[in-house]
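Here's the structure we're looking at; comments come further down.
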Amino acid sequence: MRNNSNWGILLICLLINGCISKGKLGDQLPKLVSLTADSISIPPVLLSVTRLFVANDMLVTYEQRRDTLFSFWSLPHCDYLFSAGTKGQGPYEFLMLDRTFSETSQGFKLFELASNKVKEVVVDAAGTFKVVVDKQLNVEERGLNRFLFLENGRYCFISDKEESEFVLLDEEENLTYFGIYPDGILAKKDGELNRFVYNKLTVANPKGDKFASFYSYMKCCRIYNSKGDMLAETMVERPKTIESGERYVYYSSFPYADNESIYLLTNEKDSTVLEGWNWEGVLTARYLLDKPVYCLAVQSKQKKVYALCKDKESVIYTFDIP
């Protein structure tokens, strides 16, 4: 176990540029506000949803275990519309996908992990579903996890190098490695790789000018711009587990973002809490949810959260953000 003085030195190194409030950690957390869910009964067509997102005024579910991958629901009442997108290697089929989906004016973009392809789908409530872009990325690396769509044709994903957290792929397909791991905060076993010790969830601003990284095993947020420069870094509290072994999981559900805010789920005292962050890396809101949801999407204009519960597959829960 590291002593307090060593921890203090590490923490000072990590929390540079005044990105965290001074004083005891957690002193200035936003007040916890309770939110009560409304429930929408739906047909029992959802099996095991991997990701929720909003595209073209529809709520979309991605279910990677099913042969038909996507189902579409009209907003705001979540009326079931149709399912589309089958597994396979055909021109309108999909292999294993990363869990990043980026809304476009006519549908959404996605990344196919198995082939290193970017695909763009046109979809509407009338049942149109068509792949209109099928772009092969010419990079030798495979398994481009935590794939992000950034501005000016840039893409970002997790690095496989020990000294860098991320890789930036530009329009000319040049690779730039960036991001220094917060090494020393969590102990490592012999041979354990940084990308597993400092596992993270990432999300891009819809404009593509920034992205956020949240660490699974430490309540820390980093904000980067589209060129790979770190803009902010915030540690909310000291990790519950510092030594190697079973680590406490702070963040496990993928974050969801709009131009102003980032939303993600965390656990506090066996309760589900929805956190709201801004793009300056500041935790601005904390909402105590009355349902143990695991997957969420946000309709930004209405400030409405849509979420699912593993124990009730025939219900979509909604929460109104104050």
For this session: Collect the residues in segment 111-129 that are surrounded by fewer than 17 Cβ atoms within 10 Å (Cβ to Cβ) and of a type in the set (S, T, N, Q), keeping them in residue-number order.
Result: Ser115, Thr128
For this session: Scan segment 179-206 residue by residue and report those that are part of a loop (DSSP other than H, G, I, E, B), among the charged types (D, E, K, R) and in contact (Cβ under 8 Å) with a residue 40 or more places away in the chain.
Result: Lys188, Lys189, Glu192
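For every residue, the table says whether it meets (1) exposed (fewer than 12 other Cβ atoms within 10 Å of the Cβ); (2) outside any loop (DSSP other than H, G, I, E, B); (3) touching an Asp or Glu at 6+ places or on another chain (Cβ under 9 Å).
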position: Val131; (1), (2), (3): no, yes, yes
position: Asn138; (1), (2), (3): yes, no, yes
position: Asn145; (1), (2), (3): no, no, yes
position: Asn152; (1), (2), (3): yes, no, yes
position: Leu168; (1), (2), (3): no, yes, no
position: Tyr177; (1), (2), (3): no, yes, yes
Seminar exercise, completed: For segment 1-41, the count of residues that are over 25 Å from the mean Cα position of the chain (by Cα) and either at pLDDT 80 or above or of a type in the set (D, E, K, R) (or both) equals 5
For this session: Would you point out the residue of segment 49-72, among those that are over 15 Å from Phe108 (Cα atoms) and touching a residue at least 40 places away in the same chain (Cβ under 8 Å), that is surrounded by the fewest Cβ atoms within 10 Å (Cβ to Cβ)?
Result: Thr50
Problem set entry | Counted residues, segment 84-125 - those being aliphatic (A, V, I, L, M), closer than 27 Å to Lys200 by Cβ and part of a strand (DSSP E or B) | 4
Exercise. What tally of residues in segment 35-46 results from selecting those that are over 15 Å from Ala84 (Cα atoms) and either aliphatic (A, V, I, L, M) or in a loop (DSSP other than H, G, I, E, B) (or both)?
Worked result: 7
Problem set entry | In segment 296-307, residue modelled with the highest pLDDT [restricted to those that are of a type outside the set (Ser, Thr, Tyr) and surrounded by fewer than 20 Cβ atoms within 10 Å (Cβ to Cβ)] | Lys304
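The values are calculated or read from the model by the stated rules, or taken from the named source; none is laboratory data. None of the values given here were measured: they were computed from a predicted structure. Virtual Cβ from ideal backbone geometry, glycine too; neighbours counted across all protein chains shown.
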